[in-house]
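After the structure tokens below, expect a handful of questions from me.
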Amino acid sequence: MTIDNLSDVPLYAQLKNLLKREIQQGRYTEKIPTEAELMKSFSISRNTVREAVSALVREGILQKVHGKGTFIASPAGNVWVGVLTSLTETIESMGLKPGIKLLSHGTGEEPQIASILGHEKYYSVERLRLGDGEPFAIERTYYPVDIGLKLAKYDLNEVTLYDALELEGVILDCAEQWITARIPSEVDAGLLGIPSTGSVLALERLTYGPAKEVLGYNATVFRSDKHAFYVKMYKRSGQALLG
């Protein structure tokens, strides 16, 4: 790893990016070097090190433990809010092996969901999502029947739904989503392996096609100890406030 003192990129940003890359590549698996070690290795100031580390803490990549040092954050999974990604991609980005257990699939007529999709019937797919073999989330997705029947041709214990939609020529253009915290139902708590008195993160997502038609509705429940959402905010001028 090297720092370029002649680069237009601020030193702290260079160090931040270098540390992030090394963490992702597995060079550091528990904790990063101390401030003094980083200062000596890169011939940089303490303030530069602290700025870089603080940025990684804000992103959820590092966590400081008072009196012990700065550790790699356990994968509570940071996911960008504003990027349309599949749950498989989210789990993989955390360095975990994704897994799927199909719970149910088929047509339904529940009025609230049918109304959201704008159809009298819909096709639902309910799956337990795993990370390194442990429960990570319950994924419930709903599609117009014609799209659902296209997905039913695939092994729903294996396929990434977004990939299957792409193979079927279904173009996803954009999405809106809402994130809330709530108490899990007893069924959800049992599937996720958590106490029913605990809390979960609930994500609802409406996905649209190029003509702004509703192509799908997703209602996913995440274990709150396994997942977090990361938001990067900007001033109206485009100047970054975080990260």
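The values are calculated or read from the model by the stated rules, or taken from the named source; none is laboratory data. Keep in mind the model is a prediction, meaning the values are calculated, not measured. Neighbour counts are summed over all protein chains in view; Cβ atoms, including those assigned to glycine, are modelled from backbone coordinates with ideal geometry.
Only strands (runs of 3 or more DSSP E) wholly contained in region 43-162 count here; list those with 3 or more residues that are in contact with a Pro (Cβ under 9 Å, 6 or more places away or on another chain) and crowded, with 19+ Cβ neighbours inside 10 Å. Don't jump to the end; show me each part of the working.
Working: elements: 62-65, 69-72, 78-80, 98-108, 122-131, 134-143.
In region 43-162, the matching strands (runs of 3 or more DSSP E) lie at 122-131.
Pull out all pairs, ordered by first then second residue, where Cβ-Cβ is under 6 Å, the residues are six or more apart or on different chains, the first lies in region 169-191 and is over 25 Å from Leu215 (Cα atoms) and in the same structural domain as Tyr208 (by TED's automatic domain parsing), and the second is surrounded by 14 or more Cβ atoms within 10 Å (Cβ to Cβ) and of a type in the set (Val, Ile, Thr).
Going by the 6 Å Cβ cut-off, the qualifying pairs are Pro184/Val200; Asp188/Ile138; Asp188/Val221; Leu191/Ile138.
Considering region 113-148 alone, what residues qualify as being among the basic types (Lys, Arg) and more than 20 Å from Val187 (Cβ to Cβ)?
Step one: filter region 113-148 for residues among the basic types (Lys, Arg), giving 121, 127, 129, 140.
If the condition is that a residue be among the basic types (Lys, Arg) and more than 20 Å from Val187 (Cβ to Cβ), then Lys121 is the only one that fits.
Also, quick follow-up: Suppose we keep only residues that are over 19 Å from Pro135 (Cα atoms) and of a type in the set (Gly, Ala, Ser) within region 197-215. Which one would you say is nearest to the chain's Cα centre (by Cα)?
The selected residue is Gly209.
Let me ask another. Count, please, the residues in region 142-173 that happen to be at positive phi and of a type in the set (Ser, Thr, Tyr). If you could, list the steps in order and put the result at the bottom.
Pass one, region 142-173, residues at positive phi: 169.
Right, trim to of a type in the set (Ser, Thr, Tyr) and you get none.
Result for region 142-173: 0.
So which pairs qualify, if the first residue must be in region 130-141 and on the phi > 0 side of the Ramachandran plot, the second must be in a loop (DSSP other than H, G, I, E, B) and among the basic types (Lys, Arg), the Cβ gap must be under 6 Å, and the two must be at least 6 apart or on different chains?
Asp132/Lys97
Can you name the residue in region 163-183 that is outside any loop (DSSP other than H, G, I, E, B) and small (Gly, Ala, Ser) and, of all such residues, is farthest from Ala202 (Cα to Cα)?
Looking at residues that are outside any loop (DSSP other than H, G, I, E, B) and small (Gly, Ala, Ser), I get Ala164.
Still on this structure, I have one more. Identify all residues within region 181-219 that are charged (D, E, K, R) and in contact with an Asp or Glu (Cβ under 8 Å, 6 or more places away or on another chain); write none if there are none. Lay out the reasoning, then the answer.
Restricting attention to region 181-219, the residues satisfying the condition of being charged (D, E, K, R) are 182, 186, 188, 204-205, 212-213.
Listed by number, the residues that qualify are Arg205, Lys212.
Now for a different question. I'd like the residue in region 176-193 that is surrounded by 15 or more Cβ atoms within 10 Å (Cβ to Cβ) and touching a strand residue (DSSP E or B) at 6+ places or on another chain (Cβ under 6 Å) and, out of all such residues, is nearest to Ile147 (Cα to Cα).
Within region 176-193, the subset surrounded by 15 or more Cβ atoms within 10 Å (Cβ to Cβ) is 177, 184, 188-189, 191-192.
This time we only want the ones that are touching a strand residue (DSSP E or B) at 6+ places or on another chain (Cβ under 6 Å), so: 177, 184, 188, 191-192.
Working: Gln177: 20, Pro184: 29, Asp188: 26, Leu191: 27, Leu192: 28 Å.
So, considering only residues that are surrounded by 15 or more Cβ atoms within 10 Å (Cβ to Cβ) and touching a strand residue (DSSP E or B) at 6+ places or on another chain (Cβ under 6 Å), the one nearest to Ile147 (Cα to Cα) is Gln177.
Listed here are the residues, each with its yes/no results for (1) outside the structural domain of Phe222 (by TED's automatic domain parsing); (2) modelled with pLDDT under 95; (3) of a type in the set (D, E, K, R); (4) under 19 Å from Leu206 (Cα atoms).
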site: Thr107; (1), (2), (3), (4): no, no, no, yes
site: Gly118; (1), (2), (3), (4): no, yes, no, yes
site: Tyr123; (1), (2), (3), (4): no, no, no, yes
site: Leu128; (1), (2), (3), (4): no, no, no, no
site: Asp132; (1), (2), (3), (4): no, yes, yes, no
site: Phe136; (1), (2), (3), (4): no, yes, no, no
site: Arg140; (1), (2), (3), (4): no, no, yes, yes
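Which residues, taken from region 142-156, are among the small types (Gly, Ala, Ser) and either within 19 Å of Gly99 (Cα to Cα) or not assigned by TED's automatic domain parsing to the domain that holds Gly193 (or both)? Don't jump to the end; show me each part of the working.
If we filter region 142-156 for residues that are among the small types (Gly, Ala, Ser), which is where we start, we get 148, 152.
The one that is among the small types (Gly, Ala, Ser) and either within 19 Å of Gly99 (Cα to Cα) or not assigned by TED's automatic domain parsing to the domain that holds Gly193 (or both): Ala152.
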